[in-house]
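One structure below.
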Amino acid sequence: MATRVTRAEDSRAEGGALSPEMLAEISRANAICLDCHSLVGLELRLQELRTLEFSLERAEELLVEPGAFELSSHGEMKCVSCHVKGFDEHPHDSEAREEIKWCDDCHTRAFLVIEEQFFDSVHARQFEKGFSCSTCHDPHRFLSRDQQPSARAAVNQDNAMCLTCHEDSGASHELAPQSRQPLRSVSHAWLPNPDLHWEAARCVECHVNAEGKLLSHEIVDSERAKRECVACHSSEADLLVRLYKHRVGEERESAGFMNSIILNESYIVGATRNQVLDELSVLFAVLVLSMFSSHALVRVARWGWRQR
Amino acid sequence: MSHGAYLYPIWLRIWHLVNALLMLALIGTGISLHFASSSFALLRFEHAVTVHNVAGLGLALSYAYFLVGSLVSGNLRHYIPKRAALFGKLRSQVWFFCVGSLLGEGPPHVPSMESKFNVLQQVTYLLVMFLAMPLLIGSGILFLFPELAPEKVMGMSGLLPVAVLHCVIGYLLTLFLVGHIYLATFGASLAEHFRAISTGWHVSPPEREWALASSRATASKMRPNSAEEVADEGVGGATE
């Protein structure tokens, strides 16, 4: 089993796509797990789960949506790539959960930066325990921004992660039962067209402490969140290298400038201007002004001549 | 003796002044928003948004006021050019502005109560007030309430054509404003037309014989009331 995982990971490391044979093999292996961990599988085994004193909430945790998982960033991996020991028997070993791989086992290099950023975040400061990667990133569903079909899809997914806890009810959350959150609509009252912003931009575009333009895992609270409109509403918008980073390169090569990558998906005042149109309009304005100025000069000269 | 006509009643002058101030605010903030960057801003982005939105709503109201006023007072008829010899008249008006005025020729049209605008003004104002302004205000309102805009148009964001239309019309109206101000200096004196839109009275000074002489025949038919006659009738207003 471990050998097969290694082969798949090697294939990714070499930058190649998995072969159809490998994908079929992964699919076959995962089907065994999803036989129980799908909605149908769980329903069939509900009676059995009840005898094991499983609550329905607990049963929900065991659910993996096959369609969503396959489309996720981990969708081309075997379940046993992360669920390594004690999961090949049923019922699974009670200690098996402890053996599930941590994110940093694979994302090692990224973690050198992410971990440091996370420890400075409001989440790490607020919660000494209980807050982990999977609190936000559901490993069975999460699809990285670069793999999303559109920027809007990335915005929807990422904002949904935040809203899981920060919904606009003002209610407390299980991680912080004593605290009551301010209403989102109230704390963002300063933002023009807030609904439009939440559809088109991710919460983290403002709620991160980002040195430079790259996104950070140092999520910040409202006190430290950005209120710099031109960070997005300008031709050098941070959005270009965050939300649209994966498309900037191809855009530069094909069109020579970057604006139209957002132009096709959403209109952002200040950021989505057409540079050719801008240059032409400035040129035309200069021409018109020169015409009027020249005419005025001739008029003044003639007036002076008449005075003499 | 000076010849005058009360061309611009108070309601129209107030509208013109308010419209001019709002347009200046909208152009300034519009440029600031369009070319927003960390290094350039006529006004901070968030303040520019607020001023632009408020001034835009003001412009919509002021436009509605202009429409109602024009309908009620009959001002609307001044904007309709007569089709007879339209292009000939246009040509002679453009010739006057470009060349004739430099050669000392008189204007082909003298403003009067019957015909306030020359044919070039009529055509331009008709396009500006009854095509460009509704499109500008309509697209601005869609920007203010983006949920009213179509979500997608030909695979692009529905706001994109609205934005381009708003931007292009705003740009053209800015150029119109420059031309409007420059052409307003073509009176007998630089201040003649500016004084007229400030006081309501358009007065052709006696020294402008070259202007009056060339159009006296037409003007005498079209200008029933000289300033003195209007004053005698108790309409009020002083002439220079």
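The values are calculated or read from the model by the stated rules, or taken from the named source; none is laboratory data. None of these values were measured; they are calculated from a predicted model. Neighbour counts run over all protein chains shown; Cβ positions are idealised from the backbone, glycine included. Remember, those area values only see protein heavy atoms, side chains included, never the ligands or the DNA or RNA. Shrake-Rupley method; radii C 1.70, N 1.55, O 1.52, S 1.80 Å.
If R0 is taken as 45 Å, the Cβ-Cβ distance between A:Asp168 and A:Val300 corresponds to a FRET efficiency of 0.10.
When its C-alpha radius of gyration is set against 2.2 N^0.38 Å (N residues), region B:1-77 gives a value of 1.48. The string of couplings for region B:24-30 from the Karplus curve (6.51, -1.76, 1.60, θ = phi - 60°) is 4, 4, 5, 5, x, 6, x Hz, one whole number per residue in order, with x for Gly and Pro. What region B:68-170 shows is 53 Å² of accessible area per residue, with the surface traced by a 1.4 Å probe over protein heavy atoms.
Accessible surface comparison of A:Glu43, A:Glu199, probe 1.4 Å, protein chains only, largest first: the order is A:Glu43, A:Glu199.
Annotation: amide H-H contacts under 5 Å for A:Val208 (H modelled 1.01 Å from N, sequence separation of 5 or more, or interchain): A:Val220, A:Lys226. If you count Lys pairs in region B:3-232 whose Cα atoms are under 20 Å apart, skipping same-chain pairs closer than 8 places in sequence, the total is 5.
Here the Karplus relation 6.51 cos²θ - 1.76 cosθ + 1.60, evaluated at θ = phi - 60°, turns the backbone of region A:95-100 into coupling constants of 8, 4, 4, 5, 9, 4 Hz, with x for every Gly and Pro.
Accessible area of A:Met22 (1.4 Å probe, protein heavy atoms only, ligands and nucleic acids ignored): about 40 Å².
Normalised by 2.2 N^0.38 Å, where N is the number of residues, the C-alpha radius of gyration of region B:110-155 stands at 1.81. Normalised size of region B:95-206, defined as Cα radius of gyration per 2.2 N^0.38 Å with N residues, equals 1.46. A crude spin-label estimate for the pair B:Val68 and B:His47, with each label 7 Å from Cα along the Cβ direction, gives 3.3 nm.
Residues whose amide H comes within less than 5 Å of that of B:Gly187, counting only those at least five positions distant or on another chain, are B:Glu192, B:His193 (H built at 1.01 Å from N in the peptide plane).
Estimated at the nearest 10 Å², the accessible area of A:Asp221 is 60 Å² with a 1.4 Å probe.
For the pair A and B, the buried accessible area comes to roughly 2700 Å² in total, with a 1.4 Å probe and the value rounded to the nearest 100.
Measuring nothing but protein heavy atoms, the accessible surface of region B:12-116 at 1.4 Å probe radius is 73 percent carbon and sulfur. Placing a label point 7 Å from the Cα of A:Ala29 along the Cα-to-Cβ line, the residues of region A:61-103 whose backbone N sits under 16 Å from it are A:70, A:74-89, A:100-101.
Altogether, the Stokes-Einstein calculation at 25 °C and 0.890 mPa s, with the Kirkwood radius of region B:3-232 over Cα pairs as Rh, returns a diffusion coefficient of 124 µm²/s.
Backbone phi angles across region A:62-72, fed through the Karplus curve with coefficients 6.51, -1.76 and 1.60 (θ = phi - 60°), yield HN-Hα couplings of 7, 7, 10, 6, x, x, 5, 5, 5, 8, 7 Hz in residue order; Gly and Pro are listed as x. Between the amide H of B:Val153 and those of B:Gly158, distances stay under 5 Å, these residues lying 5 or more places away or on another chain, with hydrogens modeled in the peptide plane.
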